[in-house]
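All remarks here apply to the structure that follows.
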There are 2 protein chains.
Amino acid sequence: MSYKSDIEIAREAKKKPIQEIGAKLGIDAEHLLPYGRDKAKVSQEFIESLKDREDGKLILVTAINPTPAGEGKTTTTVGLGDGLNRIGKKAAICLREASLGPCFGMKGGAAGGGYAQVVPMEDMNLHFTGDFHAITSAHNLLAAMIDNHIYWGNELGIDERRVTWRRVVDMNDRALRDIVTSLGGVANGFPRQTGFDITVASEVMAILCLATDLKDLQKRLGDIIVAYRRDRSPIYCRDLKADGAMTVLLKDAMQPNLVQTLENNPAFVHGGPFANIAHGCNSVTATKTALKLADYVVTEAGFGADLGAEKFMDIKCRKAGLAPDVVVLVATVRAMKMNGGVAKADLDKENVAAVADGCPNLTRHIANLKLFGVPVVVAINHFVTDTDAEIQVIKDSAAAQGAEAIVCRHWELGSEGTVELATRVAELADAKVAQFAPLYGDDMGLFEKIETIAKRIYHADEVLADKKIRDQLRAWEAAGYGHLPICMAKTQYSFSTDPNLRGAPTGHSVPIREVRLSAGAGFVVVICGEIMTMPGLPRHPAAETIGLNDLGYIEGLF
Amino acid sequence: MSYKSDIEIAREAKKKPIQEIGAKLGIDAEHLLPYGRDKAKVSQEFIESLKDREDGKLILVTAINPTPAGEGKTTTTVGLGDGLNRIGKKAAICLREASLGPCFGMKGGAAGGGYAQVVPMEDMNLHFTGDFHAITSAHNLLAAMIDNHIYWGNELGIDERRVTWRRVVDMNDRALRDIVTSLGGVANGFPRQTGFDITVASEVMAILCLATDLKDLQKRLGDIIVAYRRDRSPIYCRDLKADGAMTVLLKDAMQPNLVQTLENNPAFVHGGPFANIAHGCNSVTATKTALKLADYVVTEAGFGADLGAEKFMDIKCRKAGLAPDVVVLVATVRAMKMNGGVAKADLDKENVAAVADGCPNLTRHIANLKLFGVPVVVAINHFVTDTDAEIQVIKDSAAAQGAEAIVCRHWELGSEGTVELATRVAELADAKVAQFAPLYGDDMGLFEKIETIAKRIYHADEVLADKKIRDQLRAWEAAGYGHLPICMAKTQYSFSTDPNLRGAPTGHSVPIREVRLSAGAGFVVVICGEIMTMPGLPRHPAAETIGLNDLGYIEGLF
């Protein structure tokens, strides 16, 4: 049996003009700003006109802790959206945009796979509608204005040793992680140590994804803390008068992008913050717009449920006033085997015992998600090597936690493979059984919030933080930032901070290395263990084999 | 008498859908890839289908040495294009895209002014169709791959001290001119000194503007020399296998952008290399496409005629097989006064003697342009403060050189103000009197080429170059690069290398500071005196006052 590659399937797609896709949701062509024939941005005026409409149902797709076996979270989001449309529901999906840099390293595309894809996948993995370029420009304008302010006399009294605002580039470039700038003499300013992060790690990205409109965007940009004075008082973006120009640069980027699935169903693809240092969800604007236009909106959050779903609930939903109706937790037989200790090379062999050994990872995620008061359905993303006995183990484990597990074959069959899942998800959503609440209240102390996440979600025994960190958290509370939620930055591969601890570890500690205030985005980043805000390229980057073939098609990108 | 601002005029423009503008040139809607409603890229297939058509007439707009008084080269290009259309000719204009960085410093927009503008001007001064972002990405991907290659073992034997490829950002950021990268330990690579240039100074920009198609683009990208080994042998972009991925990143950017003038005439706006370090002309693809579609194509070259027109003739026309039919040399009464020694504050007062004192700058440019065998018309871009007596001095000076000088009022009146100029230009073009030849042949030695430009165009006595530079030029000749043209990098404010020497200086020397080989673009850059490949921001950058007003309009950008 041979399968077509993702890119082959995508190229055979019968794409419809984006105006037809918009029409499915009732968006007039005049409110769609076209980018080519198959991408468009939805106008600000149209979004404002929807204000008084009722919201559809919100469905979150999340996953077990990721393994090299792959889970298919995006693929399942697409498949479920198509499945809902297939059973006659008016449904839309909301995804994140892909980061350009990693496409030239080793990461594949971010548009789904098999017969559950979003198109045009090539554009989505390259420049798309330019949103990330706009974010890079806005971020770096602020950086240039900081050094320029110091250069021209430093009226604000910026302590050059305490400039926290770095620069960004949408490229995996380890050489830029740690640099010294302004060498070469008087005309180039005052030398200082700083560095570049990848664009998706920018606070501007997080802000764009959380802002409700352009006014809110500018307010949040103004709130960014870029540096401190010698007396430790903060310097805001607003003090440098950069917020207006940054808003102008982000004006178009704030508008959600509309594309389509292989089955010509509407997909909003907008925003893409890192799920480790930021909150890892698509934009609030896109989700809210989709909810006004569709009866069911399927969206995803980054990495495993301990990181992605927790932040979706505690940051995005809390801040945007959203409440999910159903959570779909994606698992695969192969990933369960890996959680059960099987090596990647042996995944094709049936191993019922290993699946059973891996299932505690799944069941803990189910239990965790229930803490938020939302019903959970497990989607078993089917692989050809899966056996009935293996699948049954997952079903039984889920059932023991009171959750139904449903096999999906969207990768192979498209929406035909998700009819059962879609039907069950719609039933649960329509039943309005969710009683959503975030894990912790705004009023809880910052350290207590961290402990709550670590103990209740990660099942850790304790949080380790030295005096300096505890003092810093208290100082922020005193400065009026105590009400902010926590954005945990932790490995996605384990409930713990050790990426090798698969399954459902207990008895572990959560050591905090650093805390950072994202005053514009509106959260406190808590960095546990190693974190990478600028990836590197592998020995042989994918870029080496990317090119145009004789037909002018792109090869090697996926 | 009060005038509307450029932005007020632009906002009142009755823009037509870009498909209607394309239709004027016979471009079917199916060959226009829309970016919004008022911008589009012309498809590769359509451009290829034009191959066998005859070319229209090519008209170059250039100017005297720029002064702070402003000359209006772009404005005159737009005005002449509209004028030609007004008198019933099928005409198109070709302009360069604007650089984002300088818009936040102090430079105004690059879309013309008054009633001779190209729209949408806001987009053109911001992200436009993303071409420059694509160039930035392609440039920086190559940079990341160089450091990554060294990091993973340096199989090619790159001498880390001799990496010539820097990074770029489309921002005025002096802090990045001179930096040390890869600090922070083993995981971040090998520390070395390097820096960032502004995107318009990238060789990738020059390559995009000179490439004839995607195949040629990839070949030229592969030819870029990025570093040298200890034995001084060059490392090419191709050796790092970066050329394919860079081509993929530039695939859409290679397609010319179509927009419109205020009078709904077609304008191609594509490419924008720095006129000092690169050749400063819009793309060959855009110019060639326009020539196939229109009977008259008006284009411009950067800065004064000594730099811009010389490079247009000796680099762009030579390489692309183009031959201009007429040259329009823009002058103003005010700029003549400044060349005659008047201070900016006193420009509003009539000063016939000062105009006469400044005219040798004009007449030398006329004489220089005739060296290329192309007829010259002087366009006097009219200001309200100009007096008849002042204008007559310019007309008489031009006439003494055998050139007609025609007053144009396009800023105030649009095409109505350029009917006389357009009529005369069309007559000259139709008469086919041009006998274009570049200033020097391919076979001349590199140093001799430099001397030819310095003596015949700049009217210098001698070229000063030390042994190291002469040896370098000889080494390139030996390596097979002797046939390349010269790309002079020199101040635009004077015929000499001293920006304060206005008028028509003689007896000066041209000191060469540095020579650089742009093997991909296909020229040797000769740097005379100071050159800035990364500008800085002023004390109060324009960005401080840029923002959205209550109506959602952009303010402060122009």
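Quick notes
- Qualifying residues in the range B:319-336 (those that are over 13 Å from B:L60 (Cβ atoms) and more than 16 Å from the chain's Cα centre (by Cα)) - the one surrounded by the fewest Cβ atoms within 10 Å (Cβ to Cβ): B:G321
- Test: residue in the range B:509-532 that is surrounded by 18 or more Cβ atoms within 10 Å (Cβ to Cβ), more than 14 Å from chain A (Cβ to nearest Cβ), in contact with an Asp or Glu (Cβ under 7 Å, 6 or more places away or on another chain) and not aliphatic (A, V, I, L, M): yes
- Lone unmet requirement of (1) closer than 11 Å to B:A227 by Cβ; (2) at the interface with another protein chain (Cβ under 7 Å from one of its Cβ atoms) for B:V180: (1)
- Residues located in the range A:178-211, provided they are without any contact (Cβ under 8 Å) to a residue 60 or more places away in the chain, within 23 Å of A:I235 (Cβ to Cβ) and not acidic (D, E): A:I179, A:V180, A:T181, A:S182, A:N188, A:G189, A:F190, A:P191, A:R192, A:Q193, A:T194
- Within the range A:218-234, residues that are closer than 22 Å to B:G547 by Cβ sit with their Cβ atoms under 6 Å from residues that are among the aromatic types (F, W, Y) and crowded, with 19+ Cβ neighbours inside 10 Å, at 6+ positions apart or across chains, in these pairs: A:V226/A:W165.
- Yes/no for A:N339 being surrounded by fewer than 24 Cβ atoms within 10 Å (Cβ to Cβ) and farther than 30 Å from A:L517 by Cβ: no
- Which numbered condition A:D471 misses (of (1) over 24 Å from A:M246 (Cβ atoms); (2) crowded, with 18+ Cβ neighbours inside 10 Å): (2)
- Search result, residues across the range A:533-554 that are in contact (Cβ under 8 Å) with a residue 60 or more places away in the chain and either facing chain B (nearest Cβ under 9 Å) or of a type in the set (A, V, I, L, M) (or both): A:M534, A:G536, A:L537, A:P538, A:P541, A:A542, A:A543, A:I546, A:I554
- Single residue of the range A:34-59 satisfying the filter (outside any loop (DSSP other than H, G, I, E, B) and hydroxyl-bearing (S, T, Y)) that is farthest from the other protein chains (Cβ to nearest Cβ): A:S49
One line per residue, one yes/no per condition, for (1) under 25 Å from B:A253 (Cα atoms); (2) out of contact with any Cys (no Cβ under 7 Å at 6 or more places or on another chain); (3) surrounded by fewer than 23 Cβ atoms within 10 Å (Cβ to Cβ); (4) not hydrophobic (A, V, I, L, M, F, W, C):
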residue	(1), (2), (3), (4)
B:K24	yes, yes, yes, yes
B:Q44	yes, yes, yes, yes
B:E48	yes, yes, yes, yes
B:R53	yes, yes, yes, yes
B:V61	yes, yes, no, no
B:N65	no, yes, no, yes
B:G70	no, yes, yes, yes
B:A98	yes, yes, no, no
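- Within the range A:448-507, tally of residues that are more than 21 Å from A:G280 (Cα to Cα) and part of a strand (DSSP E or B): 3
- For the range B:117-143, the set of residues classified as within 19 Å of the chain's Cα centre (by Cα) and among the small types (G, A, S) consists of B:G130, B:A134, listed by residue number.
- Unique match (being crowded, with 24+ Cβ neighbours inside 10 Å and touching a residue at least 12 places away in the same chain (Cβ under 8 Å)) among A:K311, A:K288: A:K311
- So A:I9, is it surrounded by 18 or more Cβ atoms within 10 Å (Cβ to Cβ), among the aliphatic types (A, V, I, L, M) and within 14 Å of chain B (Cβ to nearest Cβ): no
- Restricting attention to the range B:115-135, the residues being away from chain A (no Cβ under 14 Å) and surrounded by fewer than 23 Cβ atoms within 10 Å (Cβ to Cβ) number 0.
- All of A:T62, A:T67, A:T74 fail the test of being more than 10 Å from chain B (Cβ to nearest Cβ) and out of contact with any helix residue (DSSP H, G or I) (no Cβ under 9 Å at 6 or more places or on another chain), apart from A:T74.
- Selection of the range A:136-163 for residues being hydrophobic (A, V, I, L, M, F, W, C) and more than 11 Å from chain B (Cβ to nearest Cβ) yields A:L156, A:I158.
- Residues satisfying the stated conditions in the range B:398-434, i.e. within 23 Å of B:E310 (Cα to Cα), assigned to a loop (DSSP other than H, G, I, E, B) and over 24 Å from the mean Cα position of the chain (by Cα): B:Q401, B:G402, B:A403, B:K432, B:V433
- Total residues in the range A:375-397 satisfying the condition of being assigned to a strand (DSSP E or B) and over 27 Å from the mean Cα position of the chain (by Cα): the figure is 0.
- When the residues of the range A:141-172 are filtered to those that are in contact with a His (Cβ under 8 Å, 6 or more places away or on another chain) and among the charged types (D, E, K, R), the one that is surrounded by the fewest Cβ atoms within 10 Å (Cβ to Cβ) is A:E155.
- Residue within the range A:84-99 that is away from every other protein chain (no Cβ under 14 Å) and free of Cβ contacts under 8 Å to residues at least 12 places away in the same chain present: yes
- Count - residues of the range B:161-177 that are free of Cβ contacts under 8 Å to residues at least 60 places away in the same chain and over 24 Å from A:T199 (Cβ atoms): 1
- In the set (1) over 30 Å from A:M121 (Cβ atoms); (2) at pLDDT below 95, A:D243 fails one condition alone, (2).
- Unmet criterion (only one of (1) of a type in the set (D, E, K, R); (2) in contact with an Asp or Glu (Cβ under 9 Å, 6 or more places away or on another chain); (3) touching a residue at least 24 places away in the same chain (Cβ under 8 Å)) for A:R238: (3)
- Selected residue [farther than 24 Å from B:D178 by Cβ and not in a loop (DSSP other than H, G, I, E, B)] from B:V515, B:V510, B:V526: B:V510
- Remark: pairs (first residue in the range A:125-137, on the phi > 0 side of the Ramachandran plot; second residue of a type in the set (S, T, N, Q); Cβ separation under 8 Å; 6+ apart in sequence or on different chains) = A:F128/A:N257.
The values are calculated or read from the model by the stated rules, or taken from the named source; none is laboratory data. Computed from a predicted structure; not experimentally measured. We place every Cβ from the backbone using ideal geometry, glycine too, and count neighbours over all the protein chains shown.
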